[in-house]
Amino acid sequence: MITDDLRLVDQHCHGVVQQDLDRLGFETLLTEGSVPRNPFNSMLGLAVRRWCAPQLDLPPHATAEQYLARREEWGWRRVSAHLLGSAGVGTWLLDTGIGVLTEPTAFAELAGGSAHEVLRLETVAEQVAAAGVSATEFAVAVEEALRERIATGVVGLKSIVAYRTGLELPAEPPAEEEVRAAAGAWLRWGGSRLDSRVLLSWLVHLGARLGAEYGLPLQLHTGFGDEDLRLHRADPALLSDFLAATRSSGVTIALLHCWPFHRNAAYLAHVFPHVLVDVGLAVPYVGDRCGVVLAELLELAPFDSVCFSSDGYGLPELHHLGALLWRRGVGRLIDSWVAEGTMTTADAERVVTGFAAVNVSRVYGLNVVV
């Protein structure tokens with residue numbers, strides 16, 4: 001396939017768990033639900049048994065019991081290094097908002113290649129609150145903390161506002177007095193999990209402003225995720241006013257995951273030139289159906305707006321499958337277009353290298369050789 005030898009840049013993923021897991025621990029990370037419902041009996045479970053088992057020197061379609069026994073025999077470090085190292089990814093962009101997983105340096109040592117940090121806005125705001133701050137000081141303190149973290153070399157910013165209050169963001173940030181009042185109320189309630197609509201709207205607008213100033217893309221989780229999310233509030237179409245307001249600001253907005261709203265996301269990339277799209281989280285979960293999802297995304301999304309990501313989290317199997325299944329899905333799709341005369345081979349090579357690495361490298365300022 002045309003994608004076989006490509007070295008990928010993973011626009012968005014997380015670290016891996018740094019311990020051996022029992023069956024419950026493994027299966028909990030193999031589902032977006034909080035209670036595993038036999039996740040091996042799913043498209044993702046089939047993909048683990050089909051594609052990850054041979055990487056652990058097991059036959060394709062080894063049983064779940066065989067797979068977990070081999071995982072226990074090898075240990076988490078050897079499994080992680082092998083699955084990550086064989087994914088064909090040269091550069092990884094890690095959301096570091098969940099501190100119990102490997103940080104970029106440790107991840108790069110396991111995976112090979114390079115790893116860079118994407119800074120989660122909500123985590124920084126919650127850290128500022130935990131350190132002790134008044135309502136009057138809150139906005140300035142958060143902006144200063146973000147600038148300090150940006151100065152350490154992060155390559156992007158990220159918000160999970162979709163999980164907290166949804167994606168229907170206002171076109172303009174809340175006024176200063178609204179932010180102060182909302183901060184006072186939130187801090188009085190303990191200032192732990194940031195769930196104030198006013199503060200989150202202000203924070204995302206702040207992220208867009210700082211992103212434009214520093215040349216850092218702002219990633220937004222959209223589409224499906226774990227049960228903490230309300231799916232109807234995670235439709236990227238709800239971002240239309242925010243995207244219209246930021247289109248000339250200089251910031252790039254990366255819409256992550258998007259499924260089942262990937263066609264809506266493709267439309268947004270079509271009409272807003274500062275929008276990137278991927279279907280990261282969906283790829284390993286839909287397994288061999290990912291080619292259908294990718295084809296639907298490409299119906300309308302401009303080719304230079306589309307990026308690869310795995311959203312691998314916790315289990316290196318998810319990083320590995322994100323890359324392998326994406327490679328298969330895109331490869332079969334583009335090969336069919338060439339065979340049917342839809343595009344030339346030269347067009348196909350240009351488009352596929354764009355998806356794999358060029359688009360994300362250009363926008364994130366990465367020095368990547370494809």
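The single residue among VAL124, VAL133, VAL100, VAL128 that is under 30 Å from ARG188 (Cβ atoms) and surrounded by fewer than 18 Cβ atoms within 10 Å (Cβ to Cβ) turns out to be VAL100.
Could you please let me know if ASP20 is surrounded by 19 or more Cβ atoms within 10 Å (Cβ to Cβ) and either in contact with a Ser or Thr (Cβ under 8 Å, 6 or more places away or on another chain) or closer than 16 Å to LEU315 by Cα (or both)? Please lay out each step first, then the result.
Details: surrounded by 19 or more Cβ atoms within 10 Å (Cβ to Cβ): no; either in contact with a Ser or Thr (Cβ under 8 Å, 6 or more places away or on another chain) or closer than 16 Å to LEU315 by Cα (or both): yes.
No.
Listed here are the helices (runs of 4 or more DSSP H) enclosed by segment 293-370 that have at least 3 residues being touching a Gly at 6+ places or on another chain (Cβ under 7 Å) and either among the hydroxyl-bearing types (Ser, Thr, Tyr) or within 24 Å of ARG263 (Cβ to Cβ) (or both): 316-339.
For the structure I just gave you, tell me whether ALA115 is small (Gly, Ala, Ser), surrounded by 18 or more Cβ atoms within 10 Å (Cβ to Cβ) and either assigned by TED's automatic domain parsing to the domain that holds ALA212 or over 16 Å from the mean Cα position of the chain (by Cα) (or both). Let's see the steps before the verdict.
On the way: small (Gly, Ala, Ser): yes; surrounded by 18 or more Cβ atoms within 10 Å (Cβ to Cβ): yes; either assigned by TED's automatic domain parsing to the domain that holds ALA212 or over 16 Å from the mean Cα position of the chain (by Cα) (or both): yes.
For ALA115, the condition - small (Gly, Ala, Ser), surrounded by 18 or more Cβ atoms within 10 Å (Cβ to Cβ) and either assigned by TED's automatic domain parsing to the domain that holds ALA212 or over 16 Å from the mean Cα position of the chain (by Cα) (or both) - is met.
Quick one: how many residues across segment 70-90 are surrounded by 23 or more Cβ atoms within 10 Å (Cβ to Cβ) and under 22 Å from GLY365 (Cα atoms)? Of the residues in segment 70-90, 1 are surrounded by 23 or more Cβ atoms within 10 Å (Cβ to Cβ) and under 22 Å from GLY365 (Cα atoms).
Please find, within segment 346-370, the residue that is farthest from VAL155 (Cα to Cα) out of those that are touching a residue at least 24 places away in the same chain (Cβ under 8 Å) and of a type outside the set (A, V, I, L, M, F, W, C). Applying the filter and picking the extreme gives GLU349.
Among the residues here, LEU146 qualifies as at pLDDT 95 or above, part of a helix (DSSP H, G or I), under 27 Å from ASP278 (Cβ atoms) and in the same structural domain as HIS319 (by TED's automatic domain parsing). The residue that is farthest from LEU83 (Cα to Cα), counting only those in segment 331-343 that are in contact with a helix residue (DSSP H, G or I) (Cβ under 6 Å, 6 or more places away or on another chain) and in contact (Cβ under 8 Å) with a residue 40 or more places away in the chain, is VAL338.
Being assigned to a helix (DSSP H, G or I) and either on the phi > 0 side of the Ramachandran plot or surrounded by fewer than 18 Cβ atoms within 10 Å (Cβ to Cβ) (or both): is that true of GLU65 here? So GLU65 passes the test. What residue, of ALA151, ALA131, ALA125, ALA145, is touching a helix residue (DSSP H, G or I) at 6+ places or on another chain (Cβ under 6 Å), within 23 Å of THR96 (Cβ to Cβ) and free of Cβ contacts under 8 Å to residues at least 40 places away in the same chain? Being touching a helix residue (DSSP H, G or I) at 6+ places or on another chain (Cβ under 6 Å), within 23 Å of THR96 (Cβ to Cβ) and free of Cβ contacts under 8 Å to residues at least 40 places away in the same chain holds for just one of ALA151, ALA131, ALA125, ALA145, which is ALA145.
Contact map, segment 30-51: residues that are in contact (Cβ under 8 Å) with a residue 12 or more places away in the chain and outside the structural domain of ARG327 (by TED's automatic domain parsing) paired with residues that are among the β-branched types (Val, Ile, Thr) and part of a loop (DSSP other than H, G, I, E, B), Cβ distance under 7 Å, separation 6+ or inter-chain. Pairs shown: PRO39/THR31.
The values are calculated or read from the model by the stated rules, or taken from the named source; none is laboratory data. Since this is a predicted model, take the numbers as computed values, not measurements. Every residue, glycine as well, gets a Cβ built from its backbone with ideal geometry; the counts of neighbours run over all protein chains shown.
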